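See below for the structure under consideration.
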Amino acid sequence: MQRIASELDTLIHHYLPGLQALPVEQLRHKPSPFRWSKKEIIGHTIDSAQNNLRRFITAQYEDTPHIVYNQDQWAALSGYQQYDEAGLIGLWYLLHQHLVAVLKNMPPAMAQRQCRTESVYTLEWLARDYIRHLQHHLHQVLGLEPVPYP
């Protein structure tokens, strides 16, 4: 998990300046009433990080916990569109730094423990998947080449 933690740490430090440089108008713009703004997409990655933190911690002491969440409800109920932009990006950064710390502290034997989301996955698989998921959304927010994600 050390390698995955380092990859995530590199990723968040690579993209942080781009997030901080986005104009407020771009962050707030909603393409339609039914689509997320860039702020809400950033908020979605915060929600996803929180749920993955719970998976990474809980699966180390419980056998195959079942941890899912409704991403649309989390985003709507969190009110990310009303967040202060700098505060939102600060929260994103700190939460991802915590995720890196949890992964770095995870004993190697724990990487193969399992957690059930829609299917059963190892913690290692979930961590790698989260990096792909995060990159996909960061590229959306920053207007970069799309990163495919299921």
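Ala5 meets each of the listed conditions (1) among the hydrophobic types (A, V, I, L, M, F, W, C); (2) open to solvent by 10 Å² or more (accessible area, probe 1.4 Å); (3) farther than 25 Å from Asp72 by Cβ apart from (2).
Within the range 132-150, being out of contact with any Gly (no Cβ under 9 Å at 6 or more places or on another chain) and closer than 14 Å to Trp92 by Cα holds for Leu134, Gln135, His137. Taking the range 1-37 as the region of interest, how many residues are among the charged types (D, E, K, R) and closer than 23 Å to Ala127 by Cα? Total satisfying the criteria: 3. Pairs meeting the criteria (first residue in the range 86-99 and in contact (Cβ under 8 Å) with a residue 60 or more places away in the chain and closer than 16 Å to Leu8 by Cα, second residue surrounded by 13 or more Cβ atoms within 10 Å (Cβ to Cβ) and among the hydroxyl-bearing types (Ser, Thr, Tyr), beta carbons under 6 Å, at least 6 apart or on different chains) are lacking.
Quick check on my filter: what residues within the range 65-82 are under 22 Å from Pro23 (Cα atoms) and either open to solvent by less than 80 Å² (accessible area, probe 1.4 Å) or under 16 Å from the mean Cα position of the chain (by Cα) (or both)? Steps first, answer last, please.
From the range 65-82, those under 22 Å from Pro23 (Cα atoms) are 75, 78-82; that's our starting set.
Scanning the range 65-82 gives Ala75, Ser78, Gly79, Tyr80, Gln81.
Among the residues of the range 64-85, count how many are touching a residue at least 12 places away in the same chain (Cβ under 8 Å) and acidic (Asp, Glu). Even if it seems obvious, please write down each step before you answer.
Step one: of the range 64-85, the residues touching a residue at least 12 places away in the same chain (Cβ under 8 Å) are 64-69, 71, 74-75, 78, 80-81, 83, 85.
Okay, now just the ones that are also acidic (Asp, Glu), so 85.
Of the residues in the range 64-85, 1 are touching a residue at least 12 places away in the same chain (Cβ under 8 Å) and acidic (Asp, Glu).
One residue stands out among those in the range 121-141 that are open to solvent by less than 70 Å² (accessible area, probe 1.4 Å) and free of Cβ contacts under 8 Å to residues at least 24 places away in the same chain: the one that is farthest from Tyr69 (Cα to Cα), which is His139.
Do we find a residue being open to solvent by less than 20 Å² (accessible area, probe 1.4 Å), closer than 12 Å to Tyr130 by Cβ and in contact (Cβ under 8 Å) with a residue 12 or more places away in the chain anywhere in the range 26-41? No, because not a single residue in the range 26-41 is open to solvent by less than 20 Å² (accessible area, probe 1.4 Å), closer than 12 Å to Tyr130 by Cβ and in contact (Cβ under 8 Å) with a residue 12 or more places away in the chain.
What tally of residues in the range 8-22 results from selecting those that are β-branched (Val, Ile, Thr) and open to solvent by less than 60 Å² (accessible area, probe 1.4 Å)? Write out each step before concluding.
In the first step, residues of the range 8-22 are kept if they are β-branched (Val, Ile, Thr); the result is 10, 12.
Retained after the next criterion (residues that are open to solvent by less than 60 Å² (accessible area, probe 1.4 Å)): 12.
Matching residues across the range 8-22 total 1.
When the test is whether a residue is over 14 Å from the mean Cα position of the chain (by Cα), of a type in the set (Asp, Glu) and either open to solvent by less than 20 Å² (accessible area, probe 1.4 Å) or at pLDDT 95 or above (or both), Glu118 does not pass it.
Evaluated against (1) over 16 Å from the mean Cα position of the chain (by Cα); (2) outside any helix (DSSP H, G or I), Pro150 falls short on exactly one condition, (1).
The values are calculated or read from the model by the stated rules, or taken from the named source; none is laboratory data. Remember, it's a predicted structure, so these values are computed and weren't measured experimentally. Cβ atoms come from the backbone with ideal geometry, glycine included; neighbour counts cover every protein chain shown. Surface areas here come from the heavy atoms of the whole protein model, side chains and all, with no ligands, DNA or RNA. Shrake-Rupley method; radii C 1.70, N 1.55, O 1.52, S 1.80 Å.
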